[in-house]
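The values are calculated or read from the model by the stated rules, or taken from the named source; none is laboratory data. What you are looking at is a predicted structure, and each value in this text was computed from that prediction instead of being measured. Please note: Cβ atoms are built from the backbone with ideal geometry, for glycine as well, and neighbour counts cover all protein chains shown.
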Amino acid sequence: MTNHYNTIIIGTGHNGLVAAAYLAKQGKKVLVLERRSIVGGSVVTESFGENFTVDSVQTGGTLRPDIIKDLGLGTSEKNAHSTRPPFISLQPDGNHLILNEESIKRFSEKDASRWSEFVRFMDKAASILDAAYATIMPRLPKNMSLQDGYGLLELGLELRLAGRKDMLNFIRALPMSAQELVEEYFESEVVRAAIASVAIHNSTLGPMSAGTGYTLIHNWLNRGGLSLTPTPLPVGEGQRVRGIGEITNALANAVKSFGGEIRTDAEVKNIKIENQIAKGVVLANGEEISADIILSSADPKHTLLKLVGAQDLPPEFVWHTQSIKMRGSISKVHLQTNGNHGIPEGTSVVAPTVKYLEKAYDASKYGEISEKPYLEVTTSENTVSIHFQFAPYELKNGSWNMENGKVEKLAIDTLAEYFPNLKSSIVNTKTITPKDLEETYGLTEGDINHGQLMLDQFLFMRPIPGWSNHKTPIDNLYLCGSGVHGGGGVSGASGRNVVKILK
Ligand SMILES: Cc1cc2nc3c(=O)[nH]c(=O)nc-3n(C[C@H](O)[C@H](O)[C@H](O)COP(=O)(O)OP(=O)(O)OC[C@H]3O[C@@H](n4cnc5c(N)ncnc54)[C@H](O)[C@@H]3O)c2cc1C
């Protein structure tokens with residue numbers, strides 16, 4: 001081996017970069033390796049042609065404020081002062097709902113009167129979840145270490161401070177279905193469905209699935225609520241934000257400013273292991289690099305089954321890793337238009353009723369693309385980005401090479417029912433399917449969260465039961481991407497937490 005580093009980090013997603021920046025700041029000799037030719041992982045702003053630049057992620061929120069502060073990332077002028085764009089539920093008769101008290105009143109006076117109470121509960125529930133995500137989970141059922149104990153003590157205090165009623169309601173809400181939860185607050189089907197759509201966003205679950213109470217709270221946290229002023233994006237102090245990729249660019253700059261190295265076009269083929277100890281990595285071009293510690297921000301299945309391999313892992317651990325539920329089922333359809341699409345600024349959803357959303361999900365259970373999909377649409381200047389659910393990675397009939405066109409057509413046809421000028425405004429399109437998410441972004445089975453956010457893959461069971469504190473059966477090999485506890489979304493919690501374990 002020619003080079004030696006204190007820590008090698010696999011992947012330049014935001015979590016890998018957060019971990020790298022903290023470690024480089026501590027003075028460690030750090031190298032980050034990325035298979036793509038750009039940094040950022042899932043959080044990138046990419047160009048698909050002249051004047052056709054899109055963000056990979058539209059509604060992922062931003063980094064935790066403590067990370068922004070610790071790494072001195074600064075905040076953007078534009079986002080620090082702007083107010084949140086509206087969240088609109090499109091209605092066939094054009095009487096669109098905006099999720100705020102005034103607009104809800106048009107659908108139900110009673111629901112409007114309960115909106116602020118609902119927002120208060122959701123904000124509180126999100127803050128409890130946030131505290132849990134910042135806490136490293138013990139490796140149950142193993143004995144707890146002193147470090148685990150302190151972390152849980154802090155979390156316990158946080159829960160106590162939340163107040164007994166809110167804490168109880170939070171625990172009660174987690175296993176509920178989103179449908180049950182919204183029915184407790186609202187009578188209007190339009191209002192219920194708009195909120196239920198937030199619960200199923202990015203999940204292969206329907207609003208009637210148990211545990212979508214949890215995903216609703218997770219996504220609420222991720223978006224910084226639906227009615228709050230957005231958290232500032234971390235870019236250079238006072239700069240304008242031009243895209244979500246500036247989050248990962250700012251992180252990459254921080255890594256370099258602290259003395260860390262980043263190499264793109266550097267795919268790790270395997271992790272070198274001797275006597276159950278990680279010693280370094282071998283790149284796809286055959287180059288070997290050694291390190292004292294290896295962190296992987298790639299998903300757990302890829303890291304453990306491909307980069308390590310079953311031969312170096314205990315059989316039961318392999319079985320658990322193989323059983324991680326990935327099940328990606330989203331596609332993105334980006335449209336470059338001449339600007340006359342007619343879609344308002346903000347986030348618009350096609351989610352007319354809870355049953356509509358459930359039926360859209362039903363298709364994915366049988367390996368089919370939803371004919372009547374749930375859509376979430378955002379615009380940025382002349383670009384329209386359509387988030388499409390459900391388009392399962394495993395298709396019953398056909399293959400993803402054949403079905404790309406189907407998703408694109410369904411997305412455009414469905415949206416054009418609300419905006420008749422859309423079709424004639426389209427200049428260029430780019431569709432990203434679950435297969436593209438796997439091949440381009442390196443996401444196993446196209447799962448953007450590196451493993452479904454489900455209650456059996458939550459807290460001390462993420463990524464797998466008994467291994468929730470970033471460690472693996474291989475000494476000196478740690479996981480730090482979205483597939484571990486704290487992950488999912490763009491908070492950077494799992495990249496931050498792993499550094500605490502290394503102390
Ligand atoms: C298209 C898209 C849309 C999304 N939309 C939303 C959204 O609206 N809301 C939301 O909350 N979340 C969304 N997400 C999910 C969210 O962005 C991710 O969960 C999160 O960004 C993952 O960050 P990460 O750092 O853990 O991993 P990633 O960003 O996935 O980074 C892992 C990195 O590891 C690299 N890598 C993998 N294997 C190797 C290897 N062998 N060698 C070298 N490098 C390797 C990959 O190329 C990648 O750069 C979206 C993701 C995508 C892709």
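Could you please let me know if Glu288 is free of Cβ contacts under 8 Å to residues at least 60 places away in the same chain and among the acidic types (Asp, Glu)? Show your work before the answer.
Working: free of Cβ contacts under 8 Å to residues at least 60 places away in the same chain: no; among the acidic types (Asp, Glu): yes.
No: the conditions fail for Glu288.
Could you identify the single residue in Arg64, Arg106, Arg84, Arg36 that is modelled with pLDDT of 95 or more, farther than 30 Å from Asn285 by Cα and of a type in the set (D, E, K, R)? Can you show your working first?
Values: Arg64 fails: modelled with pLDDT of 95 or more; Arg84 fails: modelled with pLDDT of 95 or more; Arg36 fails: farther than 30 Å from Asn285 by Cα.
Every option except Arg106 fails the conditions.
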Among the numbered conditions (1) within 20 Å of the chain's Cα centre (by Cα); (2) more than 30 Å from Lys306 (Cα to Cα); (3) among the hydrophobic types (A, V, I, L, M, F, W, C), tell me where Leu422 comes up short.
(1)
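Among the residues of the stretch 316-333, is any among the basic types (Lys, Arg), within 21 Å of Ser56 (Cα to Cα) and modelled with pLDDT of 95 or more? Outline the logic, then answer.
Keep residues of the stretch 316-333 that are among the basic types (Lys, Arg), which gives 325, 327, 332.
Checking the rest, the ones that are also within 21 Å of Ser56 (Cα to Cα) come to 327, 332.
Applying the additional criterion that residues be modelled with pLDDT of 95 or more yields 332.
Within the stretch 316-333 (the criterion being among the basic types (Lys, Arg), within 21 Å of Ser56 (Cα to Cα) and modelled with pLDDT of 95 or more), the answer is yes, since at least one residue qualifies.
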With the condition kept exactly as written, say whether any residue in the stretch 409-431 is in the same structural domain as Glu376 (by TED's automatic domain parsing), buried (at least 24 other Cβ atoms within 10 Å of the Cβ), within 16 Å of the ligand (Cβ to nearest atom) and outside any loop (DSSP other than H, G, I, E, B).
yes
Output yes when any residue across the stretch 433-455 is within 25 Å of Ile217 (Cα to Cα), under 23 Å from the mean Cα position of the chain (by Cα) and surrounded by fewer than 19 Cβ atoms within 10 Å (Cβ to Cβ), and no when none is.
yes
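Identify all residues within the stretch 294-311 that are within 16 Å of the ligand (Cβ to nearest atom) and part of a helix (DSSP H, G or I); write none if there are none. Steps first, answer last, please.
Of all residues in the stretch 294-311, those within 16 Å of the ligand (Cβ to nearest atom) come to 294-309.
Passing the criteria: Pro300, Lys301, His302, Thr303, Leu304, Leu305, Lys306, Leu307, Val308.
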Taking into account only those residues within the stretch 21-45 that are aliphatic (A, V, I, L, M) and more than 11 Å from the ligand (Cβ to nearest atom), which is surrounded by the most Cβ atoms within 10 Å (Cβ to Cβ)?
Ala21
Quick count over the stretch 323-342, residues being part of a loop (DSSP other than H, G, I, E, B) and more than 22 Å from Met454 (Cβ to Cβ), is 5
Matching residues, the stretch 364-387, being of a type in the set (S, T, N, Q), part of a loop (DSSP other than H, G, I, E, B) and either surrounded by fewer than 21 Cβ atoms within 10 Å (Cβ to Cβ) or not assigned by TED's automatic domain parsing to the domain that holds Trp400 (or both):
Asn382
Please work out if Leu295 is buried (at least 23 other Cβ atoms within 10 Å of the Cβ), at pLDDT 95 or above and in contact with a Phe, Trp or Tyr (Cβ under 6 Å, 6 or more places away or on another chain).
yes
Which ones in the stretch 469-493 are more than 24 Å from Ala199 (Cβ to Cβ) and either of a type in the set (S, T, N, Q) or in contact with an Asp or Glu (Cβ under 6 Å, 6 or more places away or on another chain) (or both)?
Asn469, Thr472, Asn476
Candidate set: the stretch 359-377, residues that are hydrophobic (A, V, I, L, M, F, W, C) and farther than 17 Å from Asn404 by Cα; chosen: the one nearest to the ligand (Cβ to nearest atom)
Val377
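Quick one: how many residues across the stretch 46-70 are within 15 Å of Val490 (Cβ to Cβ) and within 15 Å of the ligand (Cβ to nearest atom)?
Pass one, the stretch 46-70, residues within 15 Å of Val490 (Cβ to Cβ): 55-68.
From what's left, within 15 Å of the ligand (Cβ to nearest atom): 55-64, 67.
Selection size over the stretch 46-70: 11.
Condition first: in a loop (DSSP other than H, G, I, E, B), more than 12 Å from the ligand (Cβ to nearest atom) and closer than 23 Å to Lys142 by Cα. Can you find one or more residues in the stretch 449-461 that meet it?
Yes, there is a match, as at least one residue in the stretch 449-461 is in a loop (DSSP other than H, G, I, E, B), more than 12 Å from the ligand (Cβ to nearest atom) and closer than 23 Å to Lys142 by Cα.
If you check Gly49 against the conditions, is it more than 11 Å from Ile262 (Cα to Cα) and of a type outside the set (Phe, Trp, Tyr)?
Details: more than 11 Å from Ile262 (Cα to Cα): yes; of a type outside the set (Phe, Trp, Tyr): yes.
Here the answer is yes, as Gly49 does meet what is asked.
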